[in-house]
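The values are calculated or read from the model by the stated rules, or taken from the named source; none is laboratory data. Just so you know, these numbers come straight off a predicted model, no measurement behind them. So basically every Cβ, Gly included, is an ideal-geometry build from the backbone, and we count neighbours across all protein chains shown. Heavy atoms of the whole protein, side chains included, go into the accessibility calculation; ligands, DNA and RNA do not. Shrake-Rupley method; radii C 1.70, N 1.55, O 1.52, S 1.80 Å.
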Amino acid sequence: MPSAAMSATLHEIDFFYDPISPYAHLAFERLPLALEGLSVLVHYRPVLFAALLKAHGQLGPAEIPAKRDWTYRQVLWLAQQHGVRLDLPAMHPFNPLPLLRLGLCASTDDAPGQTNRYVTEQLFHHVWHGGADPLDPVRLQALQSQLQDHMRQRDKPWNEPDSEVVKQRLRDNTGQALALGLFGVPSMVAGGRVFWGLDALPMLRESLDGAAWFQCGDWEAAHRLPVGVQRKA
């Protein structure tokens with residue numbers, strides 16, 4: 001049970017995501033419940049998942065035929081287990097760049113590279129609600145109009161999707177993710193620790209609560225485990 005002082009502490013979390021990921025969508029929806037009772041400031045940072053995969057020499061789950069089927073089955077099951085709406089899109093994977101850039105059109109100079117929770121939610125719902133084509137031009141235009149209206153209501157400037165400032169913010173976010181050693185999405189960074197995936201939410205919560213396990217040295221010891229053998233490509 002966290003102490004009153006721990007609950008009053010403001011915890012900052014960087015939530016790195018790509019709306020192409022169903023696991024990121026699920027984690028986004030479950031994050032408020034996982035953090036309930038804590039004082040938190042979440043920075044939502046869109047990144048290009050494909051760039052993380054390329055940097056680490058990996059394929060995405062949907063790029064491995066047998067794993068692809070399992071991934072869709074598992075996320076559909078997880079969604080109903082957690083009470084989260086998730087409809088598979090008309091096609092997957094797809095090129096998420098238009099969505100990532102649209103999200104960053106709605107970032108502001110005082111929080112460059114970040115999307116607020118409303119904007120982040122619209123990106124995820126665009127993909128994972130309704131079973132439609134995420135890249136349908138009519139739908140993308142409707143999303144853009146919705147986000148532009150959101151910025152007008154906030155009296156904030158709108159940057160065009162193909163502007164250099166938007167492209168650079170995505171490059172900066174992805175570069176920051178790589179510098180932190182991130183290899184997948186969603187990744188949540190808090191207190192210098194990286195938590196990967198939907199199933200890491202309870203682990204993140206315990207870390208923020210100051211659970212004893214995080215003080216026992218096992219977190220650091222995992223990094224020091226020697227490699228026994230390495231496969232050659």
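Condition check: of a type outside the set (A, V, I, L, M), assigned to a helix (DSSP H, G or I) and crowded, with 19+ Cβ neighbours inside 10 Å. Does Gly103 satisfy that?
So Gly103 passes the test.
Pairs please, first residue from segment 59-83 and in contact (Cβ under 8 Å) with a residue 60 or more places away in the chain, second anywhere and surrounded by 11 or more Cβ atoms within 10 Å (Cβ to Cβ), Cβ atoms under 6 Å, 6+ apart in sequence or on different chains.
Leu78/Leu26
Name the residue that is least open to solvent (accessible area, probe 1.4 Å), counting only residues in segment 112-129 that are under 13 Å from Leu102 (Cα atoms) and in a loop (DSSP other than H, G, I, E, B).
My answer is Gly113.
Which of (1) within 24 Å of Asp110 (Cβ to Cβ); (2) open to solvent by less than 80 Å² (accessible area, probe 1.4 Å); (3) assigned to a helix (DSSP H, G or I); (4) not small (Gly, Ala, Ser) does Trp219 not meet, given it meets every other one?
Trp219 satisfies every listed condition except (1).
One residue is enough: does segment 43-59 have a residue meeting the conditions more than 20 Å from Pro134 (Cβ to Cβ), open to solvent by 70 Å² or more (accessible area, probe 1.4 Å), in contact with a strand residue (DSSP E or B) (Cβ under 6 Å, 6 or more places away or on another chain) and modelled with pLDDT of 95 or more?
No, segment 43-59 contains no residue that is more than 20 Å from Pro134 (Cβ to Cβ), open to solvent by 70 Å² or more (accessible area, probe 1.4 Å), in contact with a strand residue (DSSP E or B) (Cβ under 6 Å, 6 or more places away or on another chain) and modelled with pLDDT of 95 or more.
Mind listing just one residue for me: the one in segment 192-202 that is open to solvent by 80 Å² or more (accessible area, probe 1.4 Å) and out of contact with any strand residue (DSSP E or B) (no Cβ under 6 Å at 6 or more places or on another chain) and, of those, farthest from Phe28 (Cα to Cα)?
Pro202
Answer yes or no: is there a residue in segment 70-93 that is assigned to a helix (DSSP H, G or I), aromatic (Phe, Trp, Tyr) and open to solvent by 70 Å² or more (accessible area, probe 1.4 Å).
Yes; the residues of segment 70-93 include at least one that is assigned to a helix (DSSP H, G or I), aromatic (Phe, Trp, Tyr) and open to solvent by 70 Å² or more (accessible area, probe 1.4 Å).
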